[in-house]
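Working notes for the structure below.
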Amino acid sequence: MSASELDLAAVKDFLLSLQDHICQQLAEEDGSAAFREDTWQRAEGGGGRSRVLENGAVIEKGGVNFSHVYGGKLPPSATAHRPELAGRSFQAMGVSLVIHPRNPYAPTSHANVRIFVAEKEGEAPVWWVGGGFDLTPYYGFVEDCQTWHQMAKDVCQPFGEEVYPRYKKWCDDYFYLKHRQEARGIGGLFFDDLNEWGFDACFAFIRAVGMGYIKAYRPILAKRKEMPYGERERQFQLYRRGRYVEFNLVYDRGTIFGLQTGGRTESILMSLPNLVAWQYDYQPAPDSVEARFYQDFLPARDWVA
């Protein structure tokens, strides 16, 4: 199969329309702010379309990025798990987003879908898709976790009974801060290196994941965005945002890949919140709602039957 037979044009059209759709949905939910758009070009090849919403009534910082980059040599982050691909040319295309709401009771969310193609003259291209979505609450609500994971399960169901359990566990394992020995949030779906289903099914899956994200997230955001809160909740939110920053700068494959390939730094780091705090040796008060969050929500568990 050649790269042209992968129908990358159809993938690109979908990703651009997905970016449009998600931005429209989120701007409507915010109600007071619009996404600012920057288009950019990468010297080594390709470019992207970055959209950021800041200081809205609901969304304190949110970014929804499209990128399509290519180059003559894969970076180390792309060959660490696939050393046999070293030296190949590549192209990578995807949508990646992070939404940081203002209200501490409204969870941060993240999603991305992408396709990667590695090519070498005289050989068939190696390709795969990846992505997923995950939720990072600061105060836990069982019904929100169930809604989120039910959508994750529903997205996976047409592709096989084993898909959701497998990608749910992968998400739990991936978004885990080893140096803290704690999860970043309550997970969702994570997958990578997927091509065994064939192009058509893989493309259908990333379409389902991309659309499933906003179907799950917008109702949760709508439910929590106007809940009353005080300084205590705000400070805990800022503290927990520190975990988000730590993960993205230390472990996140997309961040590392973007920086190693000379991507646009502002777009790569748009995932970071505007305001964040660290506190030395913080411990939640015993039997507090914050302590129960650590006990009842961060450990990996099954949220749906």
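Do you know which residues across the stretch 34-83 are crowded, with 17+ Cβ neighbours inside 10 Å and among the acidic types (Asp, Glu)? Matches in the stretch 34-83: Glu60 only.
A quick yes/no check of all residues on (1) in contact with a Leu (Cβ under 7 Å, 6 or more places away or on another chain); (2) without any contact (Cβ under 8 Å) to a residue 12 or more places away in the chain; (3) open to solvent by 70 Å² or more (accessible area, probe 1.4 Å):
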site	(1), (2), (3)
Gln260	no, no, yes
Gly263	no, no, no
Ser271	no, no, no
Asp281	no, yes, yes
Glu290	no, no, no
Leu298	no, no, no
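Take Asp13 and tell me if it is surrounded by 13 or more Cβ atoms within 10 Å (Cβ to Cβ), out of contact with any Gly (no Cβ under 9 Å at 6 or more places or on another chain), without any contact (Cβ under 8 Å) to a residue 12 or more places away in the chain and not in a strand (DSSP E or B). Before the answer, list the steps.
On the way: surrounded by 13 or more Cβ atoms within 10 Å (Cβ to Cβ): no; out of contact with any Gly (no Cβ under 9 Å at 6 or more places or on another chain): yes; without any contact (Cβ under 8 Å) to a residue 12 or more places away in the chain: yes; not in a strand (DSSP E or B): yes.
So Asp13 does not fit the description; no.
Of the residues making up the stretch 149-177, those that are touching a Leu at 6+ places or on another chain (Cβ under 7 Å), open to solvent by 10 Å² or more (accessible area, probe 1.4 Å) and of a type in the set (Phe, Trp, Tyr) number 0.
Can you name every residue in the stretch 243-291 that is among the small types (Gly, Ala, Ser), outside any loop (DSSP other than H, G, I, E, B) and at pLDDT 95 or above?
Of the residues in the stretch 243-291, the ones among the small types (Gly, Ala, Ser) are 254, 258, 262-263, 267, 271, 277, 285, 288, 291.
Remaining after also requiring outside any loop (DSSP other than H, G, I, E, B): 254, 258, 267, 271, 291.
Passing the criteria: only Ala291.
Residues that are of a type in the set (D, E, K, R) and either touching a helix residue (DSSP H, G or I) at 6+ places or on another chain (Cβ under 7 Å) or modelled with pLDDT under 95 (or both) within the stretch 1-15 comprise Glu5, Asp7, listed in sequence order.
Looking at the structure I just gave you, is Tyr217 over 13 Å from the mean Cα position of the chain (by Cα), buried (at least 23 other Cβ atoms within 10 Å of the Cβ) and either more than 30 Å from Asp281 (Cβ to Cβ) or at pLDDT 95 or above (or both)? No: the conditions fail for Tyr217.
The values are calculated or read from the model by the stated rules, or taken from the named source; none is laboratory data. A quick note: this is a predicted structure, and the numbers were derived from the prediction, not measured. Please note: Cβ atoms are built from the backbone with ideal geometry, for glycine as well, and neighbour counts cover all protein chains shown. Just the protein is used for accessible areas: all its heavy atoms, side chains included, with ligands, DNA and RNA removed. Shrake-Rupley method; radii C 1.70, N 1.55, O 1.52, S 1.80 Å.
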